[in-house]
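Notes follow the structure.
The values are calculated or read from the model by the stated rules, or taken from the named source; none is laboratory data. Model, not experiment: these values are computed from the prediction. Neighbour counts are summed over all protein chains in view; Cβ atoms, including those assigned to glycine, are modelled from backbone coordinates with ideal geometry.
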Amino acid sequence: MKAKLLISSLLLGTAILAIAKGDPVLMTINGKDIKLSEFEYLYHKNNQQQIEKETLEQYLDRFVLYKQKVADAEAAGIDTTTLFIREFEGYQRDLAEPFMTEDTTYHWQFVSEAYERTKKEIDIDHFMLPLGANPAETEANIARMDSIRNCVLAGEKWETLAEQFSSDPSKQRNRGHYGYITANMFPYEFENVVYTTPVGEVSKPFRTNYGIHMIRVNNSRDRNDVHAKHILKLFPRDATEEQKAVCKAQIDSIYALLKAGANFEEMAKKESQDGSARNGGDLGWFGRGRMVQPFEDIAFDLADGAISEPFATRFGYHIIKKVAHGVPSLADVRNGIETAITRDGRAQLITQRRLDDMKAKYNFRINPEFENYLTKALEASGKFDSTFVADNVKGNNMPMFTYGAKESAPVKNLLSQLNSKVAIPSVEIAKEYIMSKVDAAADAALSQYHAQELVKSNPDYRNLLNEYRDGMMLFEISNQRVWKAANKDTVGLERYFDQNRAKYAWDEPHFKGIILSAKNDTVLNLIKADIAKFGADTLTDALHNKYGNDIRMERMVVKKGENPYADYAAFHVGDKPERKGYTEFMILEGGVISQPQEMSDVRGAVTSDYQDVLEQQWKEELARKYPAKINKKVLKQVK
């Protein structure tokens, strides 16, 4: 598997750097050509992100250094590690998504369809039977539903049949009548039948994950929703009449201010006790049946822009401001529609359609020998289990399917990813289980292949992916050569500090040591008595073991004003600090010093400066190892 990943990454790296027709070589570093298009892409992107734009010459120097560091990362083999390859392949898939136009097209089709459906409300009756415990029972219930449908078509009352036979729990209150519904209220499979069944007709039985359904469409009407905001003064739980009167007085005062010209949204933010307060009381769009009475009727009866007088519901006193009525715009409801699409069957349909397109585009073919092989192997084993997987993974390179020019996926790749912990004793069920996973394997293989093809055909994607690849390598090589290297090189840090002590002189004294916090003065006095008993080398460990959570110890190097505990205990300034659970403070170790005593006293500043030294040394090394050969004529073509 590691070898396969490595080959895949190397092929991708080659594709990324493939010569595009009409795209001349701008420079060569370590034998690798860098094209004009890649340089222009990063140059213009950089200038868009800078407050002060760099000149071409300034950016060229930075670009050369950037590519020299990437060359060093490649020489170090960073791009060949399994961790890098896995992370990069994840970026490759994610970055390819916006470039897969089929996905975008299908997604937009569903968004458009859902929005058009939101403009209509459909009055329906609903009948439901349960799914069976097995396929045979399910088919029997579908046949039973078909018989019930025939009874309805013959004139029997829906309500009577629903009360007798429907498994829908809501039949006790609605007798199978749902009333008006809108798009995105029910699973897509259900909604699709509702919106495609003509008024006055009864659908054929259909399945969802919840059961077997049948619906009758009674009527269809244009949607007329309301967009409103409100201010709410909540009743306390089990409110008395006196408490309700207080709420009434509060809402009346707010209403008086609104009549005097106060801003509704600001008053909602300040006074409303509803979750919508932070949005200025905005409830968004809602239709009939979504709000309690009389809130709903008042909201629908108001004129656009009007503000209601205060009124009560079971929740408290309200004031409504009606913003608009009609059908929400696509912009208003698009986020909700797209969220619904990701959560129901439409997401799978989009994936399936994209997969079907890729199968056609890349000449996907199931190996006819694969299914025969699978049948014989399962019959020979007698069941699907870990032994079957182990026997058929080892050395099995039979192609499961082929695609592209000469690409294929071996059977062992699929089998090794299946859950073999639970044995499947039936050969037919085991075969059905394995074959059901083929599409997922095909999707993964074709998606990766599609992304690789995008590298060759789409310069925008190629440049973006190359930017991510180089960025990952740049981070890791910089970490190895500079950031982590400086932190780990204690000897180098100590030497650099000794050579540059004057650079780290302090302008004012610092406290260096340990501040101990105790829960109370009793604990603090016990500690003071114990300090003399313990040696300096074991003091902190001994105190921690004896007093546990009754104390806290913090080692620090700080100047006055940087730590309240050091200010109080060492510099004797400020009030006694407050720390939850701890009331007493003392210096356990150390004191005030005028200048750094050792590198660790100023480690942060020394490390930062030492990193600069390592960076400069690395730059000089890179210039020697990977000199850039720049084509000046091509450079003049930069736009």
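Could you please find all residues in the range 447-489 being part of a helix (DSSP H, G or I), touching a residue at least 40 places away in the same chain (Cβ under 8 Å) and polar (S, T, N, Q)?
Listed by number, the residues that qualify are Ser447, Gln448, Gln452, Asn463, Asn466, Ser478, Gln480, Asn487.
Going by what's in this entry, would Ile231 be described as touching a Ser or Thr at 6+ places or on another chain (Cβ under 6 Å) and closer than 30 Å to Val323 by Cβ?
Yes: the conditions hold for Ile231.
Of Gly261, Gly305, Gly289, which residue is over 20 Å from Ala324 (Cβ atoms) and of a type outside the set (Lys, Arg)?
Matching residue, one of Gly261, Gly305, Gly289: Gly261.
If I go through the range 117-152 residue by residue, how many of them are more than 20 Å from Ser220 (Cα to Cα) and either among the aliphatic types (A, V, I, L, M) or under 42 Å from the mean Cα position of the chain (by Cα) (or both)?
The qualifying residues number 19.
Within the range 524-573, how many residues are of a type in the set (A, V, I, L, M, F, W, C), in a helix (DSSP H, G or I) and either at pLDDT 90 or above or under 47 Å from the mean Cα position of the chain (by Cα) (or both)?
7
Would you mention how many residues in the range 57-86 are touching a residue at least 12 places away in the same chain (Cβ under 8 Å), farther than 16 Å from Asp33 by Cβ and among the hydrophobic types (A, V, I, L, M, F, W, C)?
Of the residues in that region, 8 qualify.
Could you name every one of the strands (runs of 3 or more DSSP E) located completely within the range 165-284 that has at least 2 residues being of a type in the set (S, T, N, Q)?
Passing ranges, in order: 211-222.
Kindly indicate whether Val393 is buried (at least 16 other Cβ atoms within 10 Å of the Cβ), on the phi < 0 side of the Ramachandran plot and of a type in the set (A, V, I, L, M, F, W, C).
Criteria met by Val393.
Name the residues in the range 283-299 that are under 11 Å from His227 (Cα atoms) and either of a type in the set (A, V, I, L, M) or modelled with pLDDT of 95 or more (or both), would you?
Leu283, Ala299
Consider the range 219-265. How many of its residues are among the charged types (D, E, K, R) and surrounded by 12 or more Cβ atoms within 10 Å (Cβ to Cβ)?
8
Lys244 passes all but one of (1) closer than 24 Å to Ile337 by Cα; (2) over 42 Å from the mean Cα position of the chain (by Cα); (3) of a type outside the set (A, V, I, L, M); which number fails?
(1)
For the range 230-247, check the following and say yes or no: at least one residue is of a type in the set (Lys, Arg) and within 22 Å of Ile124 (Cα to Cα).
Within the range 230-247, not a single residue is of a type in the set (Lys, Arg) and within 22 Å of Ile124 (Cα to Cα).
For every residue, the table says whether it meets (1) within 22 Å of His450 (Cα to Cα); (2) acidic (Asp, Glu); (3) modelled with pLDDT of 50 or more.
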| residue | (1), (2), (3) |
| --- | --- |
| Met1 | yes, no, no |
| Leu6 | yes, no, no |
| Val25 | no, no, yes |
| Thr28 | no, no, yes |
| Gly31 | no, no, yes |
| Glu38 | yes, yes, yes |
| His44 | no, no, yes |
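Could you run through the range 552-576 and say how many residues are without any contact (Cβ under 8 Å) to a residue 40 or more places away in the chain and under 19 Å from Lys512 (Cα atoms)?
The total comes to 10.
Provide a single number: the residues in the range 407-438 that are surrounded by fewer than 17 Cβ atoms within 10 Å (Cβ to Cβ) and either under 21 Å from Gln92 (Cβ atoms) or among the aromatic types (Phe, Trp, Tyr) (or both).
Matching residues across the range 407-438 total 3.
Scanning the range 136-195 for residues that are among the aliphatic types (A, V, I, L, M) and touching a Ser or Thr at 6+ places or on another chain (Cβ under 6 Å), which turns out modelled with the highest pLDDT?
Step by step, filter the range 136-195, then rank; the result is Val193.
What are the residue pairs meeting all of these: first residue in the range 595-623, first residue within 22 Å of Val557 (Cβ to Cβ), second residue part of a helix (DSSP H, G or I) and charged (D, E, K, R), Cβ atoms under 6 Å, and 6 or more apart or on different chains?
If the second residue must be part of a helix (DSSP H, G or I) and charged (D, E, K, R), the pairs left are Met599/Glu494.
Assigned to a helix (DSSP H, G or I), touching a residue at least 24 places away in the same chain (Cβ under 8 Å) and out of contact with any strand residue (DSSP E or B) (no Cβ under 7 Å at 6 or more places or on another chain): is that true of Ala360 in this structure?
In short, no.
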